[in-house]
Amino acid sequence: MTDVRVFDSLTMPIPIVLPSSTTATRESDVSPREMMIAFSRLRAQNARVVTAFSSRAGISPTEFRALYFVVANPDATPKRVAAHLGLTPGATTSLLDRLEAAGHTVRVANPADRRSLLLQATPQGRDVVHDAGRAYEEAFADSITPAHRRAVFGAFVALGDQLEELGDKLD
């Protein structure tokens, strides 16, 4: 067993004991609780990496997530960014002002709707997201063998579907 510190969504340390990687020998040996603990550790390390990439780019983790959304969605609008991040319109405007001031995004007229704006990443902003994407791709490739990638992919999709359904029920 390995003692590690996992951080919850409020970044409060929670001491837990994770099973060593040699503990589980069959799929049935891993309990849902152990998977939740591993998922919590994954989330904490993801937050750590996002914070590091954000810091390198001179932006906050929330701004990084907004930038990532803009790069991934060519039709991104301030309203869609606000919905994605769960921010108010005022908070979103301030966030987008900071991203633009940092040279990562620009606002352009929406040719389909003159009343709204589209957000576009600058080459600098795209580089920030692509550098992070390459690092994540490398981490996935290094940690998940080709023989297991389909199963991990399927598990991610299934878990995402279940959490979406749960979120719909809770809304």
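None of the figures in this text is laboratory data; all of them are computed from the coordinates on show. Please read these numbers as outputs of a predicted model, since none were measured by experiment. When we count neighbours, we look across all protein chains shown, and the Cβ atoms used for this are built from the backbone with ideal geometry, even at glycine.
If the chain between A109 and D161 were fully stretched, how many nm would it gain, using 0.36 nm times the residue separation less the Cα-Cα distance?
Details: separation 52, 0.36 × 52 = 18.72 nm, distance 3.47 nm.
The span from A109 to D161 would gain 15.2 nm if fully extended.
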Query - Between region 108-171 and region 60-87, the alpha-carbon center distance in angstrom - result: 11
Query raised in the report: Mind ordering 61-67, 163-169, 44-50 by average Cβ neighbours within 10 Å, highest first?
Result: 61-67, 44-50, 163-169
Query raised in the report: Any idea what log10 I(q)/I(0) is at q = 0.21, 0.26 Å⁻¹ for region 60-141, Debye with uniform C-alpha scatterers and no solvent?
Result: -0.93, -1.30
**Report entry** Backbone N under 12 Å from the V30 label point (7 Å along Cα→Cβ), restricted to region 150-171
**Finding:** 151-156
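To one decimal place, what Kirkwood hydrodynamic radius in Å is obtained for region 99-171 from all pairs of distinct Cα atoms? Intermediate values should be presented prior to the final figure.
Details: mean 1/r = 0.0629 Å⁻¹.
Result for region 99-171, one decimal place: 15.9 Å.
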